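Notes for the one structure printed next.
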Amino acid sequence: VQLQASGGGPVQPGGSLRLSCKASGMIVSMSTMAWYRQVPGKLRELVANITSSGTTNYADSVKGRFTISRDNAKNTLYLQMNSLEPEDTALYYCTRGGVPYAVDYWGKGTLVTVSS
C-alpha cells in the first residue's frame, strides 16, 4: 500500500487549498480514510475521516471550513480546505484508518503554510 499526498504549499489567511492523496495497492472506497496534521512539537491531530459508507467526521477546529471526499474512479482522497487560518499550518498526512489505533498506513506528509 502506498499513499501519495500532494497539494500543500503556501497560502494567505482566508485562502483555500485542496490536498490530494493518491492510493495504490488498496481501494480507497473500501476503507475508512483520514487526514491528520502535525505541528512540530505537538501530537498528530485527526482532522477528518470518511468511512467506506461515506460518513464523514471532522475535528471541531475545521468544521465548516474543510471537506473530506474521495473519487472512487481515481482511487484518490481529497481534503478541500477553505478559510485557512495560520493555525492550520502543519504537515498533513493521509492515512488508511480513522482513529489512531486503526491506522495501518501513513502517507508522506504535504506541508501547508498559512501566512501573510
### Query
From the set of residues in the range 104-116 that are over 13 Å from the mean Cα position of the chain (by Cα) and not in a strand (DSSP E or B), which is farthest from residue 37 (Cα to Cα)?
116
## Note on the structure
Filtering the range 1-15 down to residues that are over 16 Å from residue 93 (Cα atoms), in a strand (DSSP E or B) and open to solvent by 60 Å² or more (accessible area, probe 1.4 Å) yields 10
#### Entry: Residue within the range 34-44 that is crowded, with 20+ Cβ neighbours inside 10 Å and assigned to a loop (DSSP other than H, G, I, E, B) present
no
### In the range 26-66, the residues that are modelled with pLDDT of 95 or more, among the charged types (D, E, K, R) and farther than 16 Å from residue 86 by Cβ
60, 63
#### Entry: One residue from 53, 61, 69, 83 being of a type outside the set (A, V, I, L, M) and within 22 Å of residue 4 (Cβ to Cβ)
69
## Note on the structure
Cβ pairs under 8 Å, 6+ apart or interchain, first in the range 17-40 and without any contact (Cβ under 8 Å) to a residue 40 or more places away in the chain, second of a type in the set (S, T, N, Q) and part of a loop (DSSP other than H, G, I, E, B), ordered by first then second residue, are 30/52
### Answer residue from the range 45-67, given it is assigned to a strand (DSSP E or B) and among the polar types (S, T, N, Q) and is surrounded by the fewest Cβ atoms within 10 Å (Cβ to Cβ) among those
56
### Task
Kindly indicate whether residue 70 is among the charged types (D, E, K, R), in contact with a helix residue (DSSP H, G or I) (Cβ under 9 Å, 6 or more places away or on another chain) and open to solvent by 60 Å² or more (accessible area, probe 1.4 Å).
no
### Query
Quick check, is residue 22 of a type in the set (D, E, K, R) and farther than 15 Å from residue 8 by Cβ?
no
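The values are calculated or read from the model by the stated rules, or taken from the named source; none is laboratory data. Owing to the predicted nature of the structure, the values given are computational and were not obtained by experimental measurement. All Cβ positions, glycine included, derive from the backbone under ideal geometry; neighbour counts span all protein chains shown. Accessible surface areas use protein heavy atoms only, side chains included; no ligands, DNA or RNA. Shrake-Rupley method; radii C 1.70, N 1.55, O 1.52, S 1.80 Å.
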